Amino acid sequence: MRKIMKASGITLLVTSLIGCSSSEQFVSRSESGNKPSASVEQGQSNQVASSPSPPSQLADYALKKSGDPLPNDMYFKDYGTNQFVSTAKDRLSTFAADVDTASYTIMRHFIKDGNLPPAEAVRVEEFINFFPTSYPAPTNQTFAIQADSGPSPFQKNLQIVRIGIKGKELSPKERKPANLVFVIDVSGSMNQENRLELVKKSLHVLVDQLQPTDSVGIVVYGSEGRVLLPPTSTEDKQAILSAIDELQPEGSTNAEQGLVLGYEMAARSFKPPAINRVILCSDGVANVGETGAEGILRSIEDYARKDIYLSSFGFGMGNYNDVMMEQLANKGEGSYAYIDTFSEARRIFTESLTGTLQTIARDVKIQVEFDPKKVDSYRLIGYENRDVRDEDFRNDKTDAGEIGAGHSVTALYEVKLASPVHAELGTVRVRYHHASTQKVEEISEPVKVQSTLSPDVTFLAAVAEYGEILRESPYAERSSLADVLKLAEATATGEEQLEFVRLVKDSMAIKRN
């Protein structure tokens, strides 16, 4: 898939474990400033046309009247921007499913502090997938597909195609027993605001949601890794909570040793029928360790093949390594979330806990085949770092995304039609390994055409355009934050959606200042 890679006067950093391997380049905006594109303020649009309520995010949210200085040492990576692809040359678009949401909450933290996020911090698919969907759950299979399209609210000559998949739901009682190992960064950098204390509060929420059949072990790392609590049944919940309450910052950051000890504990206490998962809480930065990051990532990948997975949860602003936290989760076949507030911790560890813990499908790949007679060209919005070669869609050894129980994934395309269409634009296929049976399954649905976008897709189109503007995409040059705001206000309903409206308003205020 063709991409546009931005060139800018940014700082390229090469660090050792666990910052990155010698072959990885991280982008830091700490010396380049925070310069949004002209489309943030200017530009005209062509036209504007089944879960309980989440905990309130607004209670933790307040824009600072004068922005904080931009945080130093924030490491992100620019993956480029997908371009339009002619169906005459390539009718297939293939990518790995992704349920990460960290980029959205990192953006929210920047806005709350009175700054626009650096363009490199924006992964538009994570903005889109932050929001809950109302997709119907599957009945007799692992996933249900929703695929439709309608006129773009931002460009007259474009259609928006929505590809949505919804995973099978499980109640907390249906979830398998969980054998969890918390690997917690207690280095000196975790002594900053919104780090270790928020980790402790967040893990309290998680532990309170666990079942009596679950167990928790705790490994911490500062200058060195050590076992704080051996695997302990949640029937002795107080012992687990007391160990969490004892956490104190100490020394430098030997993330390598902490992860090694954590995985060793998970392997020793491995229970084949259970969920075996490492929960990493960190700012992703390390300065002590002997093995390069490539070695650690390879080891994590090997453990994932043995059904010991990793989910990473990021904390902190300034001296934060987003790239490594995402890579660890990808190799560990888990999700990556960034926790900026206690409300976000409650959202992740109450509403989404079952899906966070129990994987229902591995190596989930999505392929959209557009009909060249109906579609002239298409552009996938986001997912630049989740690209899969078309020929690898049915290569079942290709690593892809993992999806948990009840999780949904959404992807949006911008499409130029070859001629007026009133039926179908093509076909979407989803292929995956069933987590329990290990069998490969593939399902498909046609991409239907509608005369108008539904309100929920219209809102997601506004979210996507907001992300495109923030990351200075050339495809958002004719849109403005005012256009996004108008569309979002007209379609926002739930708590998260109303908060998004406020974020757009605050982004406009930051730009004016």
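Tell me the residue from Ile111, Ile128, Ile165 that is in a strand (DSSP E or B), hydrophobic (A, V, I, L, M, F, W, C) and in contact with a Ser or Thr (Cβ under 8 Å, 6 or more places away or on another chain), please. Step through it out loud before you land on a result.
On the way: Ile111 fails: in a strand (DSSP E or B); Ile128 fails: in a strand (DSSP E or B).
Going through Ile111, Ile128, Ile165 in turn, just one is in a strand (DSSP E or B), hydrophobic (A, V, I, L, M, F, W, C) and in contact with a Ser or Thr (Cβ under 8 Å, 6 or more places away or on another chain): Ile165.
Any chance segment 122-130 includes a residue that's of a type in the set (Asp, Glu), closer than 30 Å to Lys373 by Cβ and surrounded by 18 or more Cβ atoms within 10 Å (Cβ to Cβ)?
Restricting attention to segment 122-130, the residues satisfying the condition of being of a type in the set (Asp, Glu) are 125-126.
With closer than 30 Å to Lys373 by Cβ added as a condition, the list becomes 125.
Now restrict to residues that are surrounded by 18 or more Cβ atoms within 10 Å (Cβ to Cβ): 125.
Within segment 122-130, one or more residues are of a type in the set (Asp, Glu), closer than 30 Å to Lys373 by Cβ and surrounded by 18 or more Cβ atoms within 10 Å (Cβ to Cβ).
Return yes when Ala490 is surrounded by fewer than 17 Cβ atoms within 10 Å (Cβ to Cβ), assigned to a helix (DSSP H, G or I), at pLDDT 95 or above and in the same structural domain as Val388 (by TED's automatic domain parsing) and no when it is not. Can you show your working first?
On the way: surrounded by fewer than 17 Cβ atoms within 10 Å (Cβ to Cβ): yes; assigned to a helix (DSSP H, G or I): yes; at pLDDT 95 or above: yes; in the same structural domain as Val388 (by TED's automatic domain parsing): yes.
Yes; evaluated as a whole, the condition is true for this residue.
Out of segment 223-242, which residues are within 25 Å of Gln257 (Cβ to Cβ) and touching a strand residue (DSSP E or B) at 6+ places or on another chain (Cβ under 8 Å)?
Gly225, Arg226, Val227, Leu228, Leu229, Pro230, Pro231, Thr232, Ala239, Ile240
Sort out which residues of segment 419-435 are among the small types (Gly, Ala, Ser) and crowded, with 16+ Cβ neighbours inside 10 Å, and write them in order of number.
Gly426, Ala435
If you go through segment 466-487, how many residues are part of a helix (DSSP H, G or I), in contact with a Ser or Thr (Cβ under 6 Å, 6 or more places away or on another chain) and not hydrophobic (A, V, I, L, M, F, W, C)?
1
Of all residues in segment 156-187 being under 24 Å from the mean Cα position of the chain (by Cα) and of a type in the set (Gly, Ala, Ser), which is modelled with the lowest pLDDT?
In this case the residue turns out to be Ser171.
Considering only segment 304-327, I want to know if a residue exists there that is surrounded by 20 or more Cβ atoms within 10 Å (Cβ to Cβ), more than 24 Å from Gly262 (Cβ to Cβ), of a type in the set (A, V, I, L, M) and in contact with a Pro (Cβ under 7 Å, 6 or more places away or on another chain).
yes
Would it be correct to say that Ser454 is polar (S, T, N, Q) and surrounded by 24 or more Cβ atoms within 10 Å (Cβ to Cβ)? Walk me through it before giving the result.
Working: polar (S, T, N, Q): yes; surrounded by 24 or more Cβ atoms within 10 Å (Cβ to Cβ): no.
So Ser454 fails the test.
Please work out if Val260 is over 23 Å from Glu193 (Cβ atoms), at pLDDT 90 or above and touching a strand residue (DSSP E or B) at 6+ places or on another chain (Cβ under 6 Å).
no
In segment 287-294, is there at least one residue being surrounded by fewer than 22 Cβ atoms within 10 Å (Cβ to Cβ), of a type in the set (Val, Ile, Thr) and over 24 Å from Ile106 (Cβ atoms)?
There is at least one residue in segment 287-294 that is surrounded by fewer than 22 Cβ atoms within 10 Å (Cβ to Cβ), of a type in the set (Val, Ile, Thr) and over 24 Å from Ile106 (Cβ atoms).
Based on what the data block shows, is Ser419 part of a strand (DSSP E or B) and either farther than 22 Å from Phe84 by Cα or among the small types (Gly, Ala, Ser) (or both)?
It is false that Ser419 is part of a strand (DSSP E or B) and either farther than 22 Å from Phe84 by Cα or among the small types (Gly, Ala, Ser) (or both).
Somewhere in segment 93-116, is a residue surrounded by fewer than 22 Cβ atoms within 10 Å (Cβ to Cβ) and modelled with pLDDT under 75?
Taking every residue of segment 93-116 in turn, none turns out to be surrounded by fewer than 22 Cβ atoms within 10 Å (Cβ to Cβ) and modelled with pLDDT under 75.
Scan segment 70-108 for residues that are acidic (Asp, Glu) and either on the phi > 0 side of the Ramachandran plot or not in a loop (DSSP other than H, G, I, E, B) (or both) and jot them down.
Listed by number, the list holds a single entry, Asp73.
Inspect all residues belonging to segment 280-293 and state whether any of them is at pLDDT 90 or above and among the hydroxyl-bearing types (Ser, Thr, Tyr).
Checked against the condition, which is being at pLDDT 90 or above and among the hydroxyl-bearing types (Ser, Thr, Tyr), segment 280-293 yields at least one hit.
Which of the numbered conditions does Asn330 fail, given that it passes all the others? Conditions: (1) part of a strand (DSSP E or B); (2) buried (at least 21 other Cβ atoms within 10 Å of the Cβ).
(1)
When Ile165 is evaluated against the numbered criteria (1) within 26 Å of Tyr378 (Cβ to Cβ); (2) aliphatic (A, V, I, L, M); (3) out of contact with any strand residue (DSSP E or B) (no Cβ under 7 Å at 6 or more places or on another chain), which criterion, by number, is the only one it fails?
(3) is the only condition that Ile165 fails.
Kindly provide the set of residues from segment 226-271 that are assigned to a helix (DSSP H, G or I) and aliphatic (A, V, I, L, M), ordered by number.
Ala239, Ile240, Leu241, Ala243, Ile244, Ala255, Leu259, Val260, Leu261, Met265, Ala266, Ala267
Return the pair list, or none, for Cβ contacts closer than 8 Å from residues in segment 229-240 that are under 13 Å from Asn179 (Cβ atoms) to residues that are assigned to a helix (DSSP H, G or I) and among the small types (Gly, Ala, Ser), at least 6 apart or on different chains.
Every condition considered, the pairs that remain are Thr232/Ala239.
Scan segment 359-383 for residues that are within 17 Å of the chain's Cα centre (by Cα) and either at positive phi or surrounded by fewer than 24 Cβ atoms within 10 Å (Cβ to Cβ) (or both) and report the count.
Number of matching residues: 4.
Looking at the structure I just gave you, is Asp208 out of contact with any Leu (no Cβ under 6 Å at 6 or more places or on another chain) and either buried (at least 17 other Cβ atoms within 10 Å of the Cβ) or among the aliphatic types (A, V, I, L, M) (or both)?
no
The values are calculated or read from the model by the stated rules, or taken from the named source; none is laboratory data. What you are looking at is a predicted structure, and each value in this text was computed from that prediction instead of being measured. FYI the Cβ positions are ideal-geometry reconstructions off the backbone, even for glycines, and counts take in every protein chain you see.
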